[in-house]
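The values are calculated or read from the model by the stated rules, or taken from the named source; none is laboratory data. The structure displayed is predicted, hence computed values, not measured ones. Using ideal geometry, Cβ is built from the backbone for each residue, glycine included, and neighbour counts are taken over all protein chains shown.
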Amino acid sequence: MSQIFTNLSRSTSLSLTDSFIGNVQRSQTSLANIEQQISTGRSVIAPSDAPEKAAAILLLVARLDEREQQIRNAGLATSSLNSADIALRDVSDILLEAKSLASSEASLGSNAQTRANQATVVEAQLQALIDIANRQFQDISLFGGNASLGRGEPVFEEYLGGVRYVGARDNIKGDFGLTQPLAFNSNGVESFGALSTRVESKVDLDPNATAQTRIQDVNGAQGLGVRLGAIDIDINGSITTLDLTTAGTLGDIETRINDAITNASPGAGAIAVTANGFTLTAAAGNTITITDSSTGQAAIDLGINISSTGGVPTVGGDIDPRLTELTNVSDFGIPVDLLSGLQITNGAASRTVDFSTANTVQDMANLIAGLDIGVRLEINSAQSGINLVSEVSGIELSIGENGGSTAEDLGIRSFAGDTDLSDFRLGLGVENELGADDFAFQLHDGATFNINLDGATTVADVLAAINTAATGAGLTVGAPGAGGTDFNLGLAANGNGFVFEDNTAGGNDFVVTQLNTSLAAEQLGIAQNAGAGNTINGDDNATVQAESIFTHLIALRDSLINNNTLGITLAGEGIEVDIDTVARARADVGVRARRLEQQEERLGELQLQEQSILSDLRDADLTEAISQLALLQQQLQASLQGGLTNLQLSLLDFLR
């Protein structure tokens, strides 16, 4: 019997102990939770604390982190744009001073010494402008666009007697919570006019489609790009639906369609990438038709909404691949002489380059950059051809042939048949005398003929007018180098300029003389006397320059030094245009800065709203938490006291 009481006593004691410990632990856990809520201010510490709220809380936390970053971005960007605005204000002030100086020095009362003295003032203004153009804000170039530049690295530098811009055309953009990223600096093109623009190709290189051509790099059969989706392939009445959404290249399209045809009906036919797009060929005895599935546009955009029957190939629509840096030069759709190369002159520096080692357009650009002559090769905005751009303001650029047809083929010869006469003399143009003859040719045998340029607008028109006049004078006419003719004419095989050859014999000079009051021959660069020589090589009067702030200040400085009244006047007119350019750039910067300021305010408001919602979901009610803490402390104290009393009792106490 005593053993039984002993066992009962032990059992009862253990039960009381377990109950006591469990109560204490639960109270302590609750106390710890409440104390953590009070110390952190949050009722939800971990997702398990409130699973029904976890997703919303995590989303709001991520959104607030994003808002905080966007607000910091907007503040930094606004400061950058405000710095650019201040810099452009300083530029405008300098230009206004330069314009006033040019106006006063263009008067006939100024003398050479006064102008020479004023040239030093303009030189100081030029240096000040270079300093302003190189300003940075927190290592961000205010006028370098999105070019990668280090701290203090200049975006404008003196080079080859001019000022070179090594920045980009596009600006740095940031995420500020707007529908699209917004640019928060400027660049040398929009603010200073820093790059030349005339050597822009009119030649469409018409790249061929290849298996490697990216779908994003084609204009599509409708000129709308390619909207990928599902297509239906009907093979002898059996339709297979194929999803092209994830295709990346034309080769992917080719492979997937051919796999679908093979899987449905082996040997029924195939599709292939060809020069302009795709060609579908159904094998003999088969018919394959491709159409868009449902409301898709992939087939029509890819030019493959076509059908082929019985072994007859069907050529799809021209999807017009765009020219990119990755385009292989062997895929140009027109013949281009890549071996002869170009003669490039920029200021006093001249280089010759050929593209015989180039595999891609990027290789061509690298070869041009490697000349270190301040010229860059760019793909035009239509992505159909290339441009050559001078980076150096204040000097003249010329792109000519090197014995072949490279420049003409690429459409980048600065003195070509389609060059406008209005582009001669850096935009001053060729001024012929209306209703009268402008100049005359005299050959060695005494033959003469007059040229009237009325109606001529291009270099080709000038050549045509001279050809017509020479033929009308009874002369046989050919291209330079031709034999058995009296007179040859054309453009220089090397470099630029008109070329005329006199194949006649006699004691007269071979000469081009101006007639009446016309200066057209001089302005065309052909008012020359070859004497007993057989060839007149015209001057290149169709050079190109960047119409920039720096160009016009350099022109003003040099015209003052040379006591050139006309040059001073023209430079002043250019500076007046520059003032308007800077005003537009400053207005654009101001609009963007104001937009960012407003966005920063909106972001702050959104941040407050989201913080309020998050607080409702996550934050603790401190008043309630403190009350619960006091209650739990009382409960714990009671549990401890009750437990102590119960543990001191024996089984006999319960049996009494």
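Remarks
- Considering region 408-437, the residues that are polar (S, T, N, Q) and under 25 Å from Ile395 (Cβ atoms) include one that is surrounded by the fewest Cβ atoms within 10 Å (Cβ to Cβ), namely Ser422.
- Per-region count, region 433-457, residues assigned to a loop (DSSP other than H, G, I, E, B) and not aliphatic (A, V, I, L, M): 11
- Scope region 492-550; condition closer than 23 Å to Leu426 by Cβ, surrounded by fewer than 17 Cβ atoms within 10 Å (Cβ to Cβ) and among the hydrophobic types (A, V, I, L, M, F, W, C); matching residues: Leu519
- Residue list for region 74-96, filter: modelled with pLDDT under 90 and touching a helix residue (DSSP H, G or I) at 6+ places or on another chain (Cβ under 9 Å): Ala74, Gly75, Ala77
- Exactly one residue out of Ala247, Ala284, Ala299 is assigned to a loop (DSSP other than H, G, I, E, B) and within 24 Å of Gly333 (Cβ to Cβ), and it is Ala247.
- One residue alone among Thr279, Thr241 is in contact with a strand residue (DSSP E or B) (Cβ under 6 Å, 6 or more places away or on another chain), in a strand (DSSP E or B), of a type in the set (Ser, Thr, Tyr) and buried (at least 16 other Cβ atoms within 10 Å of the Cβ), and that residue is Thr279.
- Every test in (1) free of Cβ contacts under 8 Å to residues at least 40 places away in the same chain; (2) over 30 Å from Leu606 (Cβ atoms); (3) among the β-branched types (Val, Ile, Thr) is passed by Val166 save one, and that test is (1).
- The sole residue among Glu200, Glu190, Glu153, Glu157 that is within 19 Å of the chain's Cα centre (by Cα), under 24 Å from Ile94 (Cβ atoms) and not aromatic (Phe, Trp, Tyr) is Glu190.
- Criterion: at pLDDT 65 or above and either among the charged types (D, E, K, R) or over 30 Å from His552 (Cβ atoms) (or both) - qualifying residue of Val121, Val61: Val61
- Cβ pairs under 6 Å, 6+ apart, first in region 201-219 and more than 13 Å from Ser384 (Cβ to Cβ), second in a loop (DSSP other than H, G, I, E, B): Asn208/Ala275; Asn208/Gly333; Ile215/Val226
- The residue pairs whose first member lies in region 481-504 and is more than 18 Å from Thr471 (Cα to Cα) and in contact (Cβ under 8 Å) with a residue 40 or more places away in the chain, whose second member is part of a loop (DSSP other than H, G, I, E, B) and polar (S, T, N, Q), and whose beta carbons are closer than 7 Å, counting only pairs six or more residues apart or on different chains, are Asn496/Ser414.
- One residue from Thr120, Thr114, Thr179 being within 20 Å of the chain's Cα centre (by Cα) and surrounded by fewer than 17 Cβ atoms within 10 Å (Cβ to Cβ): Thr179
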